[in-house]
Amino acid sequence: MAAKTTAEAPIRKICCIGAGYVGGPTCSILALKCPDIQVTVVDRNELRINQWNSEKLPIFEPGLEEIVKQCRGTNLFFSTDMVPALKEADLIFISVNTPTKTFGLGKGRAADLKFVESCARLIAEVCDRSKIIVEKSTVPVRSAASIVNVLKANTKPGVSYQVLSNPEFLAEGTAVNDLTNPDRVLIGGEESDEGRKAIDALSWVYHHWVPAEKIIKMNTWSSELSKLAANAFLAQRISSINAISAVCEATGADVSEVAKAIGLDSRLGPKFLQASVGWGGSCFQKDILNLVYISESLNLTSVAAYWQQVIDMNEYQKTRFGQRIVQAMFNTITDKHIAILGFAFKKNTGDTRESPAIYVAKHLLEEGACLHIFDPKVERVQILLDLDQSDEKTGVAIHEDPYEAAKGTHALVICTEWDQFSTYDYQRMYDSMLKPAFVFDGRKILNHSALSEIGFHVETIGKRPGESFQAQNWGGANNV
Ligand SMILES: NC(=O)c1ccc[n+]([C@@H]2O[C@H](COP(=O)([O-])OP(=O)(O)OC[C@H]3O[C@@H](n4cnc5c(N)ncnc54)[C@H](O)[C@@H]3O)[C@@H](O)[C@H]2O)c1
Ligand SMILES: O=c1ccn([C@@H]2O[C@H](COP(=O)(O)OP(=O)(O)O[C@H]3O[C@H](CO)[C@@H](O)[C@H](O)[C@H]3O)[C@@H](O)[C@H]2O)c(=O)[nH]1
């Protein structure tokens with residue numbers, strides 16, 4: 001890729017505030033692809049920084065460890081010492097979390113920008129030369145204006161800032177590939193000479209590895225809104241196929257066949273049509289709630305209601321799945337032992353934020369079940385935290401081996417689409433389980449006919465349960 005020589009380089013040092021799921025992987029790829037740039041990732045969380053500097057990184061992301069090991073100490077640094085890194089940087093990424101507000105105005109919907117604002121205040125307070133500030137966190141449309149205001153009001157004399165919007169589109173579990181081969185890079189900035197210069201400088205950084213035609217320059221508000229809109233569209237697709245899955249279960253259609261048929265339309269395409277127990281993750285819910293809140297604030301009530309429905313459908317799907325487990329197991333799971341396979345919100349990550357597994361597990365616990373949980377990557381302490389449990393004595397046992405988790409249980413519940421789940425020896429599990437032994441496949445990843453042949457009663461999303469169970473479990477709904 002045609003990057004300029006070091007002598008002409010507009011950017012020599014980058015600082016990124018926030019060493020999380022975005023800051024860490026993004027800066028690792030930046031450092032890998034731009035050996036001429038020094039990248040320092042700072043965070044106020046000392047434990048996180050220590051982990052980035054250790055053998056065991058704070059997040060699991062396929063392929064990331066090798067890259068960090070290659071660059072760390074050369075042109076990639078992780079530090080809690082924020083002030084010198086900010087002062088030295090030509091360009092600063094703000095990659096801090098922007099969670100949903102939990103109190104006050106906009107509670108439960110609006111994005112909380114307190115971390116972004118505190119970054120802007122710190123930058124203005126400590127920096128004594130002009131810099132480019134890049135909003136990488138996902139923020140409400142027009143947030144850059146707030147950052148500009150905070151910077152302007154606190155800036156040292158003779159110092160000026162250009163604020164750019166450069167949202168991140170990586171998905172967890174595929175972050176290395178998404179960052180290495182992005183579908184597009186959006187850069188929004190001010191429509192002025194200074195604004196265009198800043199946009200060009202950030203484009204220059206990306207141009208080290210991203211083809212020019214994939215770097216899209218636009219106005220700041222379009223860039224900010226595009227990020228929220230992209231997540232809303234993605235989640236909407238899953239909610240749409242999940243809505244269809246309910247119709248399939250009530251009619252005898254099979255959602256996999258319907259999804260295939262829909263996806264073959266070249267105008268629609270096959271991706272993001274996998275019906276599931278529901279979508280999770282730290283972004284979709286928070287970003288759609290944010291979009292709903294913005295729409296309401298703009299008096300666009302129909303628009304707000306439209307996007308709210310995407311979330312409501314997801315809640316419905318998670319509830320439906322939980323209820324279906326109880327109904328299928330003769331309407332009671334009190335004191336029954338149930339194995340949950342998968343706790344992360346998707347495969348190839350140890351992240352459990354908004355994982356549907358949490359919802360399903362809590363539902364089963366409320367119904368009196370004893371849970372045996374296995375996930376290849378989620379830490380024991382995280383599972384207990386998510387289930388509000390202080391230890392493993394209260395109906396929750398966490399296992400390091402899937403066969404141990406299954407032993408002595410009445411049912412297996414698949415909550416995450418880990419590839420290895422489809423390779424397990426289910427005959428071995430069946431032999432160690434109580435009978436009748438059930439499988440509830442919330443991800444549609446197992447070979448259901450093979451499981452039925454073993455003797456399992458199999459239930460999955462978007463497909464009617466086996467004939468022998470229909471009358472008892474589905475009543476009138478089957479008579480469509
Ligand atoms: N997780 C994803 O896959 C993903 C993808 C695209 C965009 N995003 C967006 O990127 C942003 C970051 O997400 P994340 O998942 O990396 O969050 P995260 O919680 O994993 O990491 C954020 C980090 O910022 C640090 N931080 C917060 N305030 C700070 C401050 N004032 N000074 C120093 N450090 C501070 C926190 O300690 C934390 O380590 C969010 O806006 C999110 O919506 C996330
Ligand atoms: O067909 C599908 C696809 C996904 N999912 C689920 O949807 C959730 C989200 O998956 P995915 O989008 O792959 O992961 P995220 O890491 O949450 O990434 C989303 O959120 C990020 C944060 O904003 C964006 O950067 C990404 O572009 C966007 O895909 C997970 O629970 C998946 O299991 C389904 O149920 N069916």
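The values are calculated or read from the model by the stated rules, or taken from the named source; none is laboratory data. Owing to the predicted nature of the structure, the values given are computational and were not obtained by experimental measurement. Glycine also receives a Cβ, built like all others from the backbone with ideal geometry; neighbour counts cover every protein chain displayed.
Annotations for the structure displayed:
- Among the residues making up the stretch 372-387, those that are more than 16 Å from ligand 2 (Cβ to nearest atom) and either under 21 Å from residue 444 (Cα atoms) or free of Cβ contacts under 8 Å to residues at least 12 places away in the same chain (or both) are 372, 373, 374, 381, 385.
- Residue satisfying condition, being over 18 Å from the mean Cα position of the chain (by Cα) and closer than 21 Å to residue 445 by Cβ, within set 298, 341: 341
- Applying the criterion of being in a loop (DSSP other than H, G, I, E, B), within 16 Å of ligand 1 (Cβ to nearest atom) and among the hydrophobic types (A, V, I, L, M, F, W, C) to the residues of the stretch 235-290, the residue that is farthest from residue 308 (Cα to Cα) is 272.
- Residue in the stretch 389-410 that is in contact (Cβ under 8 Å) with a residue 24 or more places away in the chain, among the aromatic types (Phe, Trp, Tyr) and within 29 Å of residue 22 (Cβ to Cβ) present: no
- Qualifying residue in the stretch 331-348 (condition: assigned to a helix (DSSP H, G or I) and among the aliphatic types (A, V, I, L, M)): no
- Residue-level check: of (1) within 16 Å of ligand 2 (Cβ to nearest atom); (2) closer than 22 Å to residue 12 by Cα, residue 175 misses just (2).
- Residues that are touching a helix residue (DSSP H, G or I) at 6+ places or on another chain (Cβ under 9 Å) and not in a helix (DSSP H, G or I) within the stretch 192-234 comprise 208, 209, 210, 215, 216, 217, 218, listed in sequence order.
- Residue 126 fulfils the conditions (1) at pLDDT 95 or above; (2) under 21 Å from residue 217 (Cβ atoms) except for a single criterion, (2).
- Within the stretch 317-352, being touching a helix residue (DSSP H, G or I) at 6+ places or on another chain (Cβ under 6 Å), among the charged types (D, E, K, R) and away from ligand 2 (no atom under 16 Å from the Cβ) holds for no residue.
- In the stretch 169-180, the residues that are surrounded by fewer than 23 Cβ atoms within 10 Å (Cβ to Cβ) and over 21 Å from residue 344 (Cα atoms): 180
- Given (1) within 16 Å of ligand 1 (Cβ to nearest atom); (2) in contact (Cβ under 8 Å) with a residue 12 or more places away in the chain; (3) not polar (S, T, N, Q), index of the condition residue 415 fails: (1)
- Residue within the stretch 104-119 that is under 30 Å from the mean Cα position of the chain (by Cα), part of a loop (DSSP other than H, G, I, E, B), among the hydrophobic types (A, V, I, L, M, F, W, C) and exposed (fewer than 14 other Cβ atoms within 10 Å of the Cβ) present: yes
- Residues in the stretch 157-172 that are closer than 10 Å to residue 185 by Cα and more than 7 Å from ligand 2 (Cβ to nearest atom): 166, 167.
- Residue within the stretch 414-421 that is under 23 Å from residue 330 (Cβ atoms) and surrounded by 14 or more Cβ atoms within 10 Å (Cβ to Cβ) present: yes
- Residue satisfying all of: in the stretch 132-175; assigned to a loop (DSSP other than H, G, I, E, B) and more than 12 Å from ligand 1 (Cβ to nearest atom); nearest to the chain's Cα centre (by Cα) among these: 141
- The residues listed here are 329, 313; of these, the one that is under 30 Å from residue 229 (Cα atoms) and touching a residue at least 12 places away in the same chain (Cβ under 8 Å) is 313.
- Subset of the stretch 120-130 (residues that are part of a loop (DSSP other than H, G, I, E, B) and not hydroxyl-bearing (Ser, Thr, Tyr)): 127, 128, 129
- Of the helices (runs of 4 or more DSSP H) lying entirely inside the stretch 1-100, those carrying at least 2 residues that are surrounded by fewer than 16 Cβ atoms within 10 Å (Cβ to Cβ) are 46-52, 64-71, 82-88.
- Cβ-Cβ under 9 Å pairs, at least 6 apart or on other chains, the stretch 159-170 side at positive phi, far side within 16 Å of ligand 2 (Cβ to nearest atom) and acidic (Asp, Glu): none
- Residue that is surrounded by the most Cβ atoms within 10 Å (Cβ to Cβ), among those in the stretch 319-377 that are closer than 14 Å to residue 398 by Cβ and β-branched (Val, Ile, Thr): 340
- Checklist (1) part of a helix (DSSP H, G or I); (2) within 16 Å of ligand 1 (Cβ to nearest atom); (3) surrounded by fewer than 21 Cβ atoms within 10 Å (Cβ to Cβ) applied to residue 183, failing item: (1)
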